[in-house]
Amino acid sequence: MTKQPSDLIPSQKPWTAASINFLTQDEMRRLLDAIDSKRDFAIFLLAYRHGLRVSELITLRWDQLDLDQGLFHVRRVKNGVPSTHPLTGAEIRALRKLKRLAGESAYVFLSERKGPLTDSSVRKMIAQAGERAELGFPVHPHQLRHGCGYKLANDKQDTRAIQLFLGHRNIQHTVKYTELAAERFKDFWRDED
């Protein structure tokens, strides 16, 4: 008995944004466009571009940032590997605006009462921005972290580099992004056409 091609491929249900659990670059742009607060814009931008968890966001302190050198000393939670990331011009501008508003606070992201944000307030803020952006599915903070990993994988970044960037101790946590990154295969047969 000859196997049919469909027998060789394990069946999978169709992928959806909610089941993959990440935001695409387009969805992230729409989310950023739905934000009207300088603080919230900086939160979303840093969470996405640096793959930050909520707890890493709400405990972010000014002493982790060197805005003159454009460096971010990322302290990971969950036994993650700390690292130093470069900051882009957009991130530095957003953070400088916040710094002027922060006063003497050690924390970067403050509530209206000038205390550090809470986990639940960030989750609520992101969910509300997702509704305003009309993405069609509920948005939660970890989708920004996963979106970062997926974007880096689609940009054909080395899996080990993504592992270090996201602070994973075990590469198995990073491999999921390369498994989903169909764009990585885009140019495999381009010269044959």
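Taking the conditions (1) surrounded by fewer than 18 Cβ atoms within 10 Å (Cβ to Cβ); (2) out of contact with any Leu (no Cβ under 8 Å at 6 or more places or on another chain); (3) outside any helix (DSSP H, G or I) in turn, residue 81 satisfies each one other than (2). Yes or no: region 164-176 includes at least one residue that is assigned to a helix (DSSP H, G or I), among the basic types (Lys, Arg), modelled with pLDDT under 90 and surrounded by 12 or more Cβ atoms within 10 Å (Cβ to Cβ). Scanning region 164-176 turns up at least one residue that is assigned to a helix (DSSP H, G or I), among the basic types (Lys, Arg), modelled with pLDDT under 90 and surrounded by 12 or more Cβ atoms within 10 Å (Cβ to Cβ). Within region 167-187, residues that are within 14 Å of residue 150 (Cα to Cα) and among the β-branched types (Val, Ile, Thr) have Cβ atoms under 7 Å from residues that are modelled with pLDDT of 75 or more and in a loop (DSSP other than H, G, I, E, B) in these pairs: 174/168, counting only partners at least 6 apart in sequence or on another chain.
Among the residues examined, residue 121 qualifies as assigned to a helix (DSSP H, G or I), over 17 Å from the mean Cα position of the chain (by Cα) and either modelled with pLDDT under 95 or surrounded by 12 or more Cβ atoms within 10 Å (Cβ to Cβ) (or both). In region 25-60, the residue that is farthest from residue 94 (Cα to Cα) out of those that are of a type in the set (S, T, N, Q) and at pLDDT below 95 is 25. Does residue 92 satisfy the condition of being over 28 Å from residue 173 (Cα atoms), surrounded by 14 or more Cβ atoms within 10 Å (Cβ to Cβ) and among the β-branched types (Val, Ile, Thr)? Answer is yes for this residue.
The values are calculated or read from the model by the stated rules, or taken from the named source; none is laboratory data. Being a predicted model, the structure only gives us computed values, none of them experimental. FYI the Cβ positions are ideal-geometry reconstructions off the backbone, even for glycines, and counts take in every protein chain you see.
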